[in-house]
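Read-outs: derived from the displayed coordinates by stated rules, not from any lab. Computed from a prediction, not measured in an experiment: that's the story for all the values here. Neighbour counts run over all protein chains shown; Cβ positions are idealised from the backbone, glycine included.
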Amino acid sequence: MSEATKQLTGKQNRFLRGLGHGLKPFVMVGKQHLSEDVVKATNEALETHELIKVKIQEGCLEDRKVVAAELAAETGAKVVQVIGKNFLLYRQNEDKTINLPKA
């Protein structure tokens, strides 16, 4: 099974939630929903940071969990947490700047 398709363990998920707690949102999803620009910005942020926070603005009429799942699918990331109008996405890059706990 490749790294991209592996599910995160509970321990890894808790670890990433802890890291993401203090993050500021890198990407904002608004009334345009998941436009090409939003997907591109998310890919760039994940490439640089591995773990990012995304904020859903008031203009977005879609359900937050649906938006998180769709954006994760578009970018090959995993949804770590959905809380309020924010969610965390994680995608390991080749540099592996975040060392996850063992499974």
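Summary table below
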| quantity | calculated |
| --- | --- |
| Length-normalised contact order for the range 10-90 - Cα pairs under 8 Å, 6+ apart - percent | 33 |
| Top positive-direction residue, dipole computed over the chain with Cβ charges, set 30, 15, 69 | 15 |
| Distance violations [Cα-Cα > 18 Å] among 24/102; 53/85; 40/96 | 24/102; 40/96 |
| Ratio Rg/Rh, restricted to the chain and using Cα atoms, in which Rh is the Kirkwood radius | 0.94 |
| Charged-residue dipole, Cβ positions (Lys, Arg, Asp, Glu), the chain about Cα centre, Debye nearest 20 | 620 |
| Table column - 3J(HN,Hα) (Hz), the range 22-27, Karplus curve with 6.51, -1.76, 1.60, x for Gly and Pro | x, 6, 8, x, 8, 10 |
| CD proxy at 222 nm, helix term only [per DSSP H run n ≥ 4: -39500 (n - 2.57); per residue of the chain; nearest 500] | -11000 deg cm²/dmol |
| Spatially proximal aspartates and glutamates relative to residue 6 (Cα-Cα < 19 Å; intrachain offsets below 8 disregarded) | 47, 50, 70, 74, 94, 95 |
